[in-house]
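The values are calculated or read from the model by the stated rules, or taken from the named source; none is laboratory data. Just so it is clear, the model here is predicted, and its values are computed rather than measured. We place every Cβ from the backbone using ideal geometry, glycine too, and count neighbours over all the protein chains shown. Remember, those area values only see protein heavy atoms, side chains included, never the ligands or the DNA or RNA. Shrake-Rupley method; radii C 1.70, N 1.55, O 1.52, S 1.80 Å.
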Amino acid sequence: MRQHLVMGNWKLNGTKASVEALIKGLTPAAAAHPSVQVAVCPPVIFLGLVEQLTAGSKIAYGAQNADVHESGAFTGENAPSMLKAFGCTYSLVGHSERRTLHAETDDVVAAKYEAIQKGGLIPVLCIGETLAQFEAGTTNSVVETQLKAVIDRCGIASFENAVVAYEPVWAIGTGKTATPEIAQAVHAHIRQYLAGFDAAVAAKVQILYGGSVTGATAADLFGQPDIDGGLVGGASLKVDDFSQIIAGAAK
């Protein structure tokens, strides 16, 4: 049976004081719900601090991005092995903000996914459609294309050590949330698509929902058969909100 995973994406937010308060505040919530995996993705500059603060807790953590290179003249980038050295378990890859703001194509995302796995981390592959694509009814084909780029480069077996996060772009930071039924339908399609390559791998892979998850919506969303938790944005910056989401996953 797949375990629920609740992961916070802090994006470009935080201070040393707020990071300390967040981790200390979340530690009891993570401990209270051992059936739920809890992770956070802070800005990379806080990884050393998070490493210290999470010691002895059940909170895992990851990076928001990783480079395809292990070393070299790539100013401002971080290699997967560097992230691993600071105790990261995960790295996000293909988040819609990276795809849009940094022009990361499906091919770039697939290359980063490969580098993240080779560096010893678990890639959290973010896929999803824009509002225009959703309204045009092309959601399924969009997510298939995004998945296929990774399968073509890394193979379906790579998903044995990966997480998929479905994030409808129209629901990120907008306060709009796909209904549990809409989200479940897309999650089921993702799993069905992966099963076309390998049913056993598809049955095991965690598929998270990302898109304005709150404490109020978490239990209904995570109660769907193919939704295995959430990639949480703004609510992960608030101890009470994120704790409620963890509790919702435990239900």
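Search the stretch 192-217 for residues being over 23 Å from S158 (Cα atoms) and touching a residue at least 40 places away in the same chain (Cβ under 8 Å), and hand back the single one that is farthest from the chain's Cα centre (by Cα). It comes out as T217.
Taking residues in the stretch 168-191 that are touching a residue at least 60 places away in the same chain (Cβ under 8 Å), and partners anywhere that are hydroxyl-bearing (S, T, Y) and in a helix (DSSP H, G or I), the pairs with Cβ atoms closer than 9 Å and at least 6 places apart or on different chains are V169/S96; V169/T100; I172/S96. Tell me which residues, restricted to the stretch 130-151, are open to solvent by 20 Å² or more (accessible area, probe 1.4 Å) and among the hydroxyl-bearing types (S, T, Y). Listed by number, the residues that qualify are T130, T138, S141, T145. Mind checking whether some residue in the stretch 229-244 is more than 20 Å from A162 (Cα to Cα), among the hydroxyl-bearing types (S, T, Y) and either open to solvent by less than 30 Å² (accessible area, probe 1.4 Å) or in a helix (DSSP H, G or I) (or both)? Within the stretch 229-244 (the criterion being more than 20 Å from A162 (Cα to Cα), among the hydroxyl-bearing types (S, T, Y) and either open to solvent by less than 30 Å² (accessible area, probe 1.4 Å) or in a helix (DSSP H, G or I) (or both)), the answer is yes, since at least one residue qualifies. Among the residues of the stretch 1-41, those identified as in a loop (DSSP other than H, G, I, E, B) and either out of contact with any Ser or Thr (no Cβ under 7 Å at 6 or more places or on another chain) or open to solvent by 40 Å² or more (accessible area, probe 1.4 Å) (or both) are M1, R2, Q3, K11, L12, N13, G14, T15, H33, P34, S35. Can you name the condition, by its number, that Q224 falls short on among (1) touching a strand residue (DSSP E or B) at 6+ places or on another chain (Cβ under 9 Å); (2) closer than 27 Å to T105 by Cβ; (3) not in a helix (DSSP H, G or I)? For Q224, the failing item is (2). Residues of the stretch 181-195 that are open to solvent by 30 Å² or more (accessible area, probe 1.4 Å) and not polar (S, T, N, Q): E181, I182, A185, A188, H189, Y193, A195. A count restricted to the stretch 197-219 and to residues that are at pLDDT below 95 and of a type outside the set (S, T, Y) stands at 7. Can you name the residue in the stretch 42-87 that is open to solvent by less than 40 Å² (accessible area, probe 1.4 Å), aliphatic (A, V, I, L, M) and in a loop (DSSP other than H, G, I, E, B) and is also farthest from S236 (Cα to Cα) among such residues? Within the stretch 42-87, the match that is farthest from S236 (Cα to Cα) is A79.
Scanning the stretch 90-129 for residues that are more than 18 Å from R153 (Cβ to Cβ), open to solvent by 60 Å² or more (accessible area, probe 1.4 Å) and not acidic (D, E) turns up T100, L101, H102, A103. Contact map, the stretch 90-110: residues that are among the acidic types (D, E) and at pLDDT 95 or above paired with residues that are in a helix (DSSP H, G or I) and open to solvent by 70 Å² or more (accessible area, probe 1.4 Å), Cβ distance under 7 Å, separation 6+ or inter-chain. Pairs shown: D106/T145. For the stretch 152-178, a tally of residues being more than 18 Å from the chain's Cα centre (by Cα) and either of a type in the set (A, V, I, L, M, F, W, C) or surrounded by 13 or more Cβ atoms within 10 Å (Cβ to Cβ) (or both) returns 5.
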